[in-house]
Amino acid sequence: MFHRLWFCLWHLVGVFSDDKLKTVIVMEDDSFTLNSDLTEMRDDDQIHWRFGKYLLAEINKRTDSMTVYDDVLDGRFRNRLKLNNQTGSLTITNIKMKHGGFYTVENLNTSVIFMLIVYDEVTSVSVKEGDSVTLNSDLTEIMDDDQILWLFGSENTIIAEINLINDSICDDVLDGRFRDRLKLDNQTGSLTITNITTQHTGAYILINGAKPSLKAFRVSVYYSEHCCGSTEAVIRLVLSALVGVATVILLV
C-alpha cells in the first residue's frame, strides 16, 4: 500500500507542529489551501509562493498586481492554482502525486515552509452510530524505534501518538468530540473509537515515522433506525394476510 508514498516520512516526526515548517497531508485528487496566515493584506505586503526554487505565484499590493505562474515544471500546475488576493493564500486543486514537495510563502521579512505529502490509497470503513470501530495499524508489535502518530480531519489534528518517551491520547482537541472515546493499543498502535457519532466521520491518517509508512482510513458513520429482521417481517406479512382473509369471510 505504501509503494507510492513519495516522501520519507521520518522527516515528519519532530517537525509536525513547527511554526516555520508545516506538514500537510492530502489525498490524491483532493484540493487544499496553503494559508498565508494573513486575514487581510496590507498596502505594503508582497507575497511570493514557491515550489522548491520555482516561483508559482505573487501578489504585490504596492503595484496592485497579482500573477500566477502555472506553466513552470512542464505545466504540472496548469489550471490548478488559485490565489486569494485578499489573504494571499494559495489553493491547489485536483492534487496529484507530482505536487508533493516543499512550498514556501514569503512576505517581506517572514517566510513559512509547507511540506505537502500526497497519498493515493485509502481504506473505507462504515460503522453504525453508537458502535465501536478499530482502525488497524497492521503491526503485530511495536518496535523500540517506532513512532506512531494518528491524525484526524482536513487539518490533520493529532489525536494519539506513541513514541520512545510515552503513549498519549489527545482527546480534548476539536471541542472534545473524542473525549473518553479513544483507546490506543500500545502493543500494535491500532486505534479504537468507542460510542462513535457522526462527528467522528472523516479521514484518519496513521503515520509510522520510523519505517517510513502511511496508512489512511475514511470513516463514515450511519444512523440505523430499528428495523425488524427478515423472519419477523415474514411473520407480520402472513398475519396481515390472514387478517385480510378473515375480514373477507366475515363480510361474505
Can you check what the Kirkwood hydrodynamic radius comes to for region 26-131, Cα pairs only, in Å to one decimal?
-> 15.0 Å
For region 123-222, alpha-carbon Rg relative to the globular expectation (2.2 N^0.38 Å, N residues) | 1.00
Treating cross-link reach as a plain straight distance, find the lysines whose alpha-carbon is under 17 Å from the alpha-carbon of LYS53, omitting any fewer than eight places away in the same chain.
-> LYS98
For 180-187, 113-120, ranked highest to lowest by mean beta-carbon neighbours within 10 Å, the order is 113-120, 180-187
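Values in this text are rule-based calculations from the coordinates and carry no lab data. What you are looking at is a predicted structure, and each value in this text was computed from that prediction instead of being measured. Neighbour counts are summed over all protein chains in view; Cβ atoms, including those assigned to glycine, are modelled from backbone coordinates with ideal geometry.
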